[in-house]
């Protein structure tokens with residue numbers, strides 16, 4: 001036990017909590033410019049069988065970011081996934097006339 005304790009810095013040399021880096025709350029504003037969504041739609045138009053990891057590589061984003069953007073597009077009724085996860089494809093739905 002003494003070996004473990006000698007690796008812990010004495011209380012007077014520790015950095016006070018207010019001087020450490022601020023951590024993110026993990027919450028985002030939910031706002032996006034729509035640029036990524038437009039880029040995703042362009043990719044889907046060109047190659048509907050593109051996978052999420054491929055889209056992430058093309059756009060320089062994480063797979064999770066692409067998943068979130070696709071979920072937003074699905075919720076807005078702009079895209080659907082046709083067929084299974086492996087072997088399926090993305091389909092862009094018709095935009096309603098305004």
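The values are calculated or read from the model by the stated rules, or taken from the named source; none is laboratory data. This structure is a prediction, so every number in the text was calculated from the model and none was measured. No Cβ is skipped: glycine too gets one built from the backbone with ideal geometry, and neighbour counts run over all protein chains shown.
A quick yes/no check of all residues on (1) at pLDDT 55 or above; (2) out of contact with any strand residue (DSSP E or B) (no Cβ under 6 Å at 6 or more places or on another chain); (3) on the phi > 0 side of the Ramachandran plot:
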| residue | (1), (2), (3) |
| --- | --- |
| 7 | no, yes, no |
| 20 | no, yes, no |
| 37 | yes, yes, no |
| 55 | yes, yes, no |
| 65 | yes, yes, no |
| 70 | yes, yes, no |
| 80 | yes, no, no |
*All positions within segment 60-80 that are part of a helix (DSSP H, G or I), surrounded by fewer than 17 Cβ atoms within 10 Å (Cβ to Cβ) and under 14 Å from the mean Cα position of the chain (by Cα)*: 63, 64, 65, 67, 68, 71
*For the subset of segment 83-98 comprising residues that are free of Cβ contacts under 8 Å to residues at least 40 places away in the same chain and in contact with a strand residue (DSSP E or B) (Cβ under 7 Å, 6 or more places away or on another chain), which member is surrounded by the most Cβ atoms within 10 Å (Cβ to Cβ)?*
88
*Could you list, in sequence order, all residues of segment 64-82 that are without any contact (Cβ under 8 Å) to a residue 12 or more places away in the chain and within 17 Å of residue 48 (Cα to Cα)?*
71, 74, 81, 82
